[in-house]
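The values are calculated or read from the model by the stated rules, or taken from the named source; none is laboratory data. Because the structure is predicted, anything quoted here is derived from the model rather than measured. In this analysis, Cβ positions are derived from the backbone assuming ideal geometry, glycine residues included, and neighbour counts consider all displayed protein chains. SASA here: full protein model, heavy atoms, side chains in, ligands and nucleic acids out. Shrake-Rupley method; radii C 1.70, N 1.55, O 1.52, S 1.80 Å.
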Number of protein chains: 2
Amino acid sequence: MSAFQKLVEHSKKVSNFDHLASIVGWDQASVMPSGGAEARSNAMAELDVHIHSLMTQPHLSDLFAQADEESLSNQDQAVLREMKRDWQQANLLPESLVQAQSLAGSKCEHAWRTQRGNDDWAGFEKNWAEVVNLSLEEAQIRAEASGTTPYDAMLELYEPGTTSASLDVLFADVKTWLPSMIDEAIEKQKANNILLPNGHYPAEKQKALGLEVMKLLQFDFEHGRLDESVHPFCGGVPSDVRITTRYDESEFVQSLMGIVHETGHARYEQGLPKSLAGTTAGQARSMGIHESQSLFFEMQVGRSQAFVEHLARLAANHFEGPEFTQDNLSKIYTHVEKGFIRVDADELTYPAHVILRYEIERDLMNGVIKHTDVPELWNEKMKAYLGLSTEGNFKNGCMQDIHWTDGSFGYFPSYTLGAMYAAQFMAAMKQTVDVDTAIQSGDLSPIFTWLSDNIWSKGSLFSTDDLVTQATSETLNAKHFKAHLESRYLDK
Amino acid sequence: MSAFQKLVEHSKKVSNFDHLASIVGWDQASVMPSGGAEARSNAMAELDVHIHSLMTQPHLSDLFAQADEESLSNQDQAVLREMKRDWQQANLLPESLVQAQSLAGSKCEHAWRTQRGNDDWAGFEKNWAEVVNLSLEEAQIRAEASGTTPYDAMLELYEPGTTSASLDVLFADVKTWLPSMIDEAIEKQKANNILLPNGHYPAEKQKALGLEVMKLLQFDFEHGRLDESVHPFCGGVPSDVRITTRYDESEFVQSLMGIVHETGHARYEQGLPKSLAGTTAGQARSMGIHESQSLFFEMQVGRSQAFVEHLARLAANHFEGPEFTQDNLSKIYTHVEKGFIRVDADELTYPAHVILRYEIERDLMNGVIKHTDVPELWNEKMKAYLGLSTEGNFKNGCMQDIHWTDGSFGYFPSYTLGAMYAAQFMAAMKQTVDVDTAIQSGDLSPIFTWLSDNIWSKGSLFSTDDLVTQATSETLNAKHFKAHLESRYLDK
């Protein structure tokens, strides 16, 4: 057996334990009774330690050196490249740092759940200082190994190949037109008369409607399920994808579009190349590309007039009321409003929330600012981008997100990268696919075939740049995103 | 750290992986979509290999030798004894035999699923020959190590400390009175007019009723759940016990009493000593004691007049119809009928099915008979014990059970041992607890306190014999079981 084949076998072994971690993780989030938490945490921690020990076995170093000398096909070279990236990342940090981060992150996140409600920045700041310091240490180690800036080294964990230099250009572009576009859209929507949900919408009926929408989106129920959890997510494994949603019986807006969003993530997972299952190259390309699929489903398809017509039609099987007309649903799902909270933000204001976070975490990781500078910077940027002040308002300001509490610096850009990729994919798709007709017909297969051919079936065989260029004949830019937003919100 | 403490730490580590195996096993049986099967099998097999490698680590041998020399409390000695038993059993068989058994068992079981329906003994016999031969090999290795007969060595896997010498005595006793008692009970019930389920009983309502019954039985929902699966079982871990049932909408009898049965298993698990969690001594004592708890709930409590009154009362919250009166439910749940199929058998005929299987598997493992002798022996014994011929009727004869298809020889006695233990526990309990009054009152706490004090909280700290003697002041015998059956079925 060649060194390369041995590495593939090893990768499949690790992947089997990752499978277990995914399933028990889903279980913990969606069905586990509260009393099971302690034993489960112990079991999951034991599994993490085991996976880490597999990833850091000393003999892998020799195998990678040998495999580099072997004559491999182009595809096998890509498989090797991705396995190596994974291995290098797992071996970079000293065990003591990983443990310290895990402890500090758990402590900070746990306390944050109470501190946020109490607007207790002083209390949070104490725990967070340690989290930030450890992340700075991590970023430094990663930067030295990769020869990049500390922030770029963190970004690499979520968006391989993406740099802050490229993000700076993309986001600078967005910042030139987004604030005025938001104002214009709000002005334009002033006369809109929206009927907001105002009744009792039983969870059971919301679920039945959600399942119909998933069917329309060709979710493969032989290889996945819909369940419930407090924080909706897409988990499981490609052969068994678990998406979740949360039903609030006083409204239906969130769960319905949430299901469309998670179905996008799920179909990407379900569509990954089976021949590469168990290898890193068989996995999703990046967080941004993953988000591009959920946002393609949610924003490009889900909020289109043609799709909202389906939503209205299917909703009528379960609910009645004037709030369920196509016109009203469409207004609900394209309503623009400046707000403090990212997770409640609409499509148009969302990038402002992300760019603000990106600029702060970039400067924080690069040592340009200190963690104590964050509240003031947050306030300044919120005023500049959305005209809202967060002075002294921590819970609706810099303490609102969970991401930074455990040191996940470098993740936020993925959201807006996803939105941009999605718009660019749609523009390219429209060159060869009559998208509106496909949606109207109720058979969306041509759309999914394009996505499968260009994105899903590629796994991580290509760099993000190559993937996007092959699919759209250009590198990522903000042009299509802008055009999409202008068309939807300004009727341009 | 002492060698003993190191062994306890190792045991907890293994237990963490067992936890993962239990949860993904539950997932596979109750919620996994069919398309997830292949990847799941691979992941579970990988986990099995890992657990086995942990159990056979070479340094354990030294640790056990050292621990034997350490000065330990009585309880720690019991903990050590149980860890050692587990370790010895895991290390006894050569890897090649375990693998051959796994392959032959899977092949035989898989083919059996079709062959049974086709009454294809000839086809089944070919695969089964290999399974039996490998089990004979296993039994021989185990017998040599323990100095017992081959069958007793297999029995030890399910019922530590129980021998066929003792089973022969117990079952010989039962055989003297059971056949005539069955005839007498059937004669006595001839005039009974039973209203069988005859309508549509929606799964949702059956579930709601089941949950109410579980509440009455004080199932701890903070540490467990009720779900569905094709073959009902009790799984999960003590802090998170997962029971399942199957809803047939054309009747309610099976799911309702099935839930009572599984709740008995579950409360045993939930009641195991938390201070010993993660060690073998903190686990259930044996399959027979486990079954004694499910049968205590189902047979001793569940089919009592006082409990059936609760069932009728709770059923009225969800269903209506003359089939739900206390009198009719009681008749349904104590109806005696001679039949071919063990899993459909009533309380009174069930032991006949078990004794028949015990006698055959004992002689098969001890080399007294060959596997090709089984159909004829089955027919003879069915005629002798239940007056039914299975000549040429394999699917309702020796091909009906799954147990032997993968070589689980030694398991069957546990069912009737459980029934006997349950009757003996009830007789002892009644010395100090007013059981009928407790059931009637709807607060069954005194019953559960007795079970917790005498059985659940003991884990595997004592041998089965000691456990039973401490709880009932006598060793296991058939007297209480006989008295219970006479009282219920012959009004004696």
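Look at A:ALA185 and say whether it is outside the structural domain of A:ILE447 (by TED's automatic domain parsing), hydrophobic (A, V, I, L, M, F, W, C) and either within 25 Å of the chain's Cα centre (by Cα) or not in a helix (DSSP H, G or I) (or both). No: the conditions fail for A:ALA185. With respect to being touching a residue at least 12 places away in the same chain (Cβ under 8 Å), within 22 Å of the chain's Cα centre (by Cα) and within 14 Å of chain B (Cβ to nearest Cβ), A:LEU217 falls outside the description. Within the stretch B:187-204, the set of residues being of a type in the set (A, V, I, L, M), open to solvent by 50 Å² or more (accessible area, probe 1.4 Å) and closer than 30 Å to B:LYS482 by Cβ comprises B:ALA191, B:LEU196.
Working only within the stretch B:15-40, note down all residues that are more than 10 Å from chain A (Cβ to nearest Cβ) and open to solvent by 30 Å² or more (accessible area, probe 1.4 Å). Show your work before the answer.
Step one: filter the stretch B:15-40 for residues more than 10 Å from chain A (Cβ to nearest Cβ), giving B:25, B:29.
Passing the criteria: only B:ALA29.
Tallying residues that are under 22 Å from the mean Cα position of the chain (by Cα), open to solvent by 60 Å² or more (accessible area, probe 1.4 Å) and more than 30 Å from A:GLU251 (Cα to Cα) within the stretch A:327-383 yields 0. Within the stretch B:307-322, the residues that satisfy the criterion of being among the hydrophobic types (A, V, I, L, M, F, W, C) and open to solvent by 10 Å² or more (accessible area, probe 1.4 Å) are B:ALA312, B:LEU314, B:ALA316, B:PHE319. Quick one: in the stretch A:41-74, which of the residues that are charged (D, E, K, R) and more than 14 Å from chain B (Cβ to nearest Cβ) is least open to solvent (accessible area, probe 1.4 Å)? Only one residue tops the list, namely A:GLU70.
Kindly provide the set of residues from the stretch B:142-165 that are in a helix (DSSP H, G or I) and surrounded by fewer than 16 Cβ atoms within 10 Å (Cβ to Cβ), ordered by number. Residues satisfying the conditions are B:GLU144, B:ALA145, B:SER146, B:ALA165.
The criterion of at least 3 residues that are crowded, with 22+ Cβ neighbours inside 10 Å and in the same structural domain as A:GLY442 (by TED's automatic domain parsing) is met, among strands (runs of 3 or more DSSP E) falling completely within the stretch A:205-276, by A:234-237, A:240-245.
Going through (1) within 13 Å of chain B (Cβ to nearest Cβ); (2) closer than 22 Å to A:SER292 by Cβ; (3) touching a residue at least 60 places away in the same chain (Cβ under 8 Å) one by one, A:ASP227 falls short only on (2). Checking each residue in the stretch A:306-321 for being charged (D, E, K, R) and either within 17 Å of A:ILE194 (Cα to Cα) or touching an Asp or Glu at 6+ places or on another chain (Cβ under 9 Å) (or both) picks out A:GLU309, A:GLU320.
Mind listing whichever residues of the stretch B:450-473 are at negative phi and open to solvent by 70 Å² or more (accessible area, probe 1.4 Å)?
Applying the first criterion (at negative phi) to the stretch B:450-473 yields B:450-458, B:460-472.
If the condition is that a residue be at negative phi and open to solvent by 70 Å² or more (accessible area, probe 1.4 Å), then B:ASP453, B:ASP465, B:ASP466, B:GLN470 are the ones that fit.
Cβ-Cβ contacts under 6 Å between residues 6 or more apart (or on different chains), taken from a first residue in the stretch B:1-14 that is of a type in the set (Lys, Arg) to a second residue that is in a helix (DSSP H, G or I), are listed as B:LYS6/B:LEU63. Inspection of the stretch B:247-265 finds no residue satisfying the criterion of being without any contact (Cβ under 8 Å) to a residue 60 or more places away in the chain and within 14 Å of chain A (Cβ to nearest Cβ). Restricting attention to the stretch A:65-78, does a residue exist that is under 28 Å from the mean Cα position of the chain (by Cα), under 18 Å from A:SER463 (Cα atoms), among the aliphatic types (A, V, I, L, M) and assigned to a helix (DSSP H, G or I)? Looking for residues that are under 28 Å from the mean Cα position of the chain (by Cα), under 18 Å from A:SER463 (Cα atoms), among the aliphatic types (A, V, I, L, M) and assigned to a helix (DSSP H, G or I), one finds at least one in the stretch A:65-78, hence yes.
Assess whether A:ALA438 counts as being crowded, with 20+ Cβ neighbours inside 10 Å, on the phi < 0 side of the Ramachandran plot and without any contact (Cβ under 8 Å) to a residue 40 or more places away in the chain. Full working, then the answer.
Values: crowded, with 20+ Cβ neighbours inside 10 Å: yes; on the phi < 0 side of the Ramachandran plot: yes; without any contact (Cβ under 8 Å) to a residue 40 or more places away in the chain: yes.
For A:ALA438, the condition - crowded, with 20+ Cβ neighbours inside 10 Å, on the phi < 0 side of the Ramachandran plot and without any contact (Cβ under 8 Å) to a residue 40 or more places away in the chain - is met.
Summed over the stretch A:1-14, residues that are in a helix (DSSP H, G or I) and open to solvent by 40 Å² or more (accessible area, probe 1.4 Å) total 5. The criterion of at least 2 residues that are out of contact with any helix residue (DSSP H, G or I) (no Cβ under 9 Å at 6 or more places or on another chain) is met, among helices (runs of 4 or more DSSP H) falling completely within the stretch A:294-390, by A:374-386.
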